[in-house]
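No lab work stands behind these numbers, since they all come straight from the coordinates. Everything quoted here is computed from the prediction, not taken from an experiment. We place every Cβ from the backbone using ideal geometry, glycine too, and count neighbours over all the protein chains shown.
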Amino acid sequence: MSFSHLLKTFAQFVAVTFSMAINAVLIILVVYHSPDKIGNYKYLMIYFCLISMFYAAIDFTVQPYLHSYGSSFSMIMDLRGSVFQNFHYVAFLLTSSLAGCFGMSIYAISINFVYRFFAIQRANGTKNFSGFKLFFWLSIPIVAGIAWLSVGVFLMDYDEEFAEYLSESIYKSYGLDWHYITLTGCMYFRSDGNGGSHWSVSDTTGAAVLTGIMNTAFFIILYFGYRTKKMINCLTTNKGDTRFSQRLQKQLYNALVAQTLIPITFLFIPIGILFSAPLFGFDLERWSYLVTFFYSFYPVVDPIPTIFFIDEYRTAFLNFFRRTLNRNQVTPVKSIDIVPELP
């Protein structure tokens, strides 16, 4: 077993361990230390944490290799020594499900931004997330994940031609034997059997659908993020608002910025490049490892801004360590001001 494979396995073990731990911490903070006016957003935050934990668990089970080579991109699972070695289709479904977790995650992020936009409005905007409407919003990431999974199963499924095409590249890069892998992915151009190649309509259609799903979520994040930023700027420059209100909105703005940069850095940019580079003839084979690590570590870093930018969560989190070290604890600032619900 190569050093790079051991390093990857260790890194993914660290990722799943920290992801489970930090998301569990955030769930505890949400349940026991949420501000009074946080409203139904606490249910959304718990839901987002559970999605991240599911994502991390599937990622560790699959131990994926995200790989770009020639005219293709793929997510690969090594079956050697795996309990799934004799259950190829189950392994394929797990790999496709991990790809589907990407769709779930980006739409969970999108809902976060939609809620922030409504919550910052004074006119009880969060009523759009109450009652049965809340279940509608919660269903969107699941639908997106199923859509992504369906594309992987029906349009970008495993086939020996694809696996053999990758054989030399994945052996050189990861020491993988193409006879003992499963994968989901796209091969834009396939051999025509006469030494040439032809455009694969099925694969390209699958890639186009996934790109559309991803770009829709990205547009929602940018649109509602920009609208929310403008509204927060108006609130923080309003002299009629108290210092507490202004400080609260500043916290939300900082969290908004951080939670925009994290998915862009760890998900949208690397996956977008992975999808598009093979179509335009750019060889990213040697950079594929980096995309794999970014994909695996997203569930670890995503909850951190929420913990550290919202005073009540940060104070409760740090007080745990202060109690452990017998240090003085900090009491969060309280106020009776009427302020919008925390997004």
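Numbers below:
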quantity	calculated
Region 50-95: relative contact order as a whole-number percent, Cα under 8 Å and 6+ apart	31
R0 of 45 Å, Cβ-Cβ distance Lys133-Glu168: FRET efficiency to nearest 0.05	0.30
Net charge, Leu134 excluded, C-beta distance under 13 Å - Lys, Arg +1, Asp, Glu -1	+3
Exposure proxy ranking, count of Cβ atoms within 10 Å, fewest first, for Met75, Met214	Met214, Met75
Under-5 Å amide H pairs with Ile181, H placed in peptide plane, nonlocal only	Leu79
Length added when fully stretched, Thr216-Val201, from 0.36 nm per residue minus Cα-Cα	3.2 nm
Relative contact order (%) - criterion: Cα under 8 Å, at least six apart; region: the chain	27
Table column - 3J(HN,Hα) (Hz), region 281-290, Karplus curve with 6.51, -1.76, 1.60, x for Gly and Pro	x, 8, 8, 10, 3, 6, 9, 5, 4, 4
Taking region 1-130 and dividing mean pair separation by its residue count, relative contact order in percent (alpha carbons under 8 Å, at least six apart)	21
Lysine pairs with alpha-carbon atoms under 18 Å apart, the chain, spacing 8 or more or separate chains	12
For region 211-216, Karplus couplings with θ = phi - 60° (6.51, -1.76, 1.60), whole Hz, Gly/Pro x	5, x, 4, 5, 5, 5
For the chain, built as a Gaussian network whose Cα springs stay under 10 Å, the top-fluctuating residue of Ile22, Ile38, Ile271	Ile38
Given 15 as the ceiling on other Cβ atoms within 10 Å, longest exposed-site-free region of the chain for trypsin sites (Lys or Arg not before Pro) in DSSP loops	123-238
Estimated distance in nm for a label pair at Ser82 and Tyr32, the labels positioned 7 Å out from Cα along Cα-to-Cβ	3.8
Efficiency of FRET from Cβ geometry, Asp192 and Ile142, R₀ 41 Å, rounded to 0.05	0.55
Solution diffusion estimate, µm²/s, Stokes-Einstein, region 44-163, Kirkwood Rh from C-alpha pairs, 37 °C, viscosity 0.692 mPa s	203
Tilt relative to the chain, helix 160-174 - C-alpha long axis, 0 to 90 degrees, to 10	70
Using alpha-carbon coordinates, inclination of helix 88-119 to the longest axis of the chain, degrees	30
Gained length - Cys234 relative to Phe308, 0.36 nm times residue gap less alpha-carbon distance	24.2 nm
Sequence of Asp283, Asp59, Asp302, Asp157 once ranked by neighbouring C-beta atoms within 10 Å, starting from the fewest	Asp283, Asp157, Asp59, Asp302
